[in-house]
Amino acid sequence: MMLRSLSSSYDVVMRTARDTVDPATRAQLRQAVVAYGITAKDESPLQALIEQELHLCCIQVQHAGLDVQSNLVKLLVLSAFSSDAGFSTAELNSMTPNAIKRQLSSYDAIFARLIQKLFLHQTQVDIICQRLQRVLRGAAAQKCSIRARRLQESTRVTYSH
């Protein structure tokens, strides 16, 4: 079973934006992990949780005053689904549109590989849930909140000089 790429999921979320979304519960995450591979792609509870987390991320970046329609903000959001430190505000502000597109593709591949490795090499549901909690259940949204605030502050500093 394949999930949509993070970029495609982000685009879906942009078409169905909500004002409020609650983080996934541990029980919802466990149910999604157990159901993964059993349900059809469009009905995947895991896909729904990924989109729920993307909604939370978008709400956070909007609260910081950023435009969720920009590819730069999309990159900021998708990078929150990775375990790396993400980009500094200077790196983000200096990226060309082509560099942003390449990085978006990279984060799609990184997340797809994470999901593939988890379900291919791990059979214990609790361990899979524990690892997915690093990006779901509000974790990516929290990263987005911090990174969006920093990016917004850096643009204010840049324009005030």
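The values are calculated or read from the model by the stated rules, or taken from the named source; none is laboratory data. Quick caveat: nothing in here was measured; it's all calculated off a predicted structure. Backbone-built Cβ (ideal geometry, glycine too); neighbour counts: all protein chains shown. Ligands, DNA and RNA are stripped out before the accessible areas are found, and what is left, the full protein with its side chains, is counted by its heavy atoms. Shrake-Rupley method; radii C 1.70, N 1.55, O 1.52, S 1.80 Å.
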The stretch 1-21: number of residues that are open to solvent by 60 Å² or more (accessible area, probe 1.4 Å), at pLDDT 85 or above and assigned to a loop (DSSP other than H, G, I, E, B): 1
Among (1) part of a helix (DSSP H, G or I); (2) surrounded by fewer than 18 Cβ atoms within 10 Å (Cβ to Cβ); (3) modelled with pLDDT under 90, the one test that LEU92 misses: (2)
Tally, over the stretch 115-138, of residues that are touching a residue at least 24 places away in the same chain (Cβ under 8 Å) and of a type in the set (A, V, I, L, M): 6
Residue match in the stretch 47-55 (condition: among the aliphatic types (A, V, I, L, M), open to solvent by 20 Å² or more (accessible area, probe 1.4 Å) and either farther than 14 Å from ARG4 by Cβ or assigned to a loop (DSSP other than H, G, I, E, B) (or both)): no
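How many of the residues making up the stretch 112-131 are outside any helix (DSSP H, G or I) and either among the aliphatic types (A, V, I, L, M) or open to solvent by 50 Å² or more (accessible area, probe 1.4 Å) (or both)?
Here is the first cut: in the stretch 112-131, the residues outside any helix (DSSP H, G or I) are 122-124.
Right, trim to either among the aliphatic types (A, V, I, L, M) or open to solvent by 50 Å² or more (accessible area, probe 1.4 Å) (or both) and you get 123-124.
Here the count works out to 2.
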Exclusive hit being in a helix (DSSP H, G or I) and loosely packed, with under 13 Cβ neighbours inside 10 Å, set ALA32, ALA109: ALA109
Every pair of residues 6+ apart whose Cβ atoms lie under 6 Å, when the first sits in the stretch 20-35 and is free of Cβ contacts under 8 Å to residues at least 60 places away in the same chain while the second is in a helix (DSSP H, G or I) and of a type outside the set (Val, Ile, Thr): VAL21/GLN52; VAL21/HIS55; VAL21/LEU56; GLN31/PRO45; ALA32/PRO45; ALA32/LEU46; ALA32/LEU49; ALA35/PRO45
Selection within the stretch 143-152 - out of contact with any Ser or Thr (no Cβ under 7 Å at 6 or more places or on another chain) and in contact (Cβ under 8 Å) with a residue 60 or more places away in the chain: LYS143, CYS144, SER145, ARG147, ALA148, ARG149, GLN152
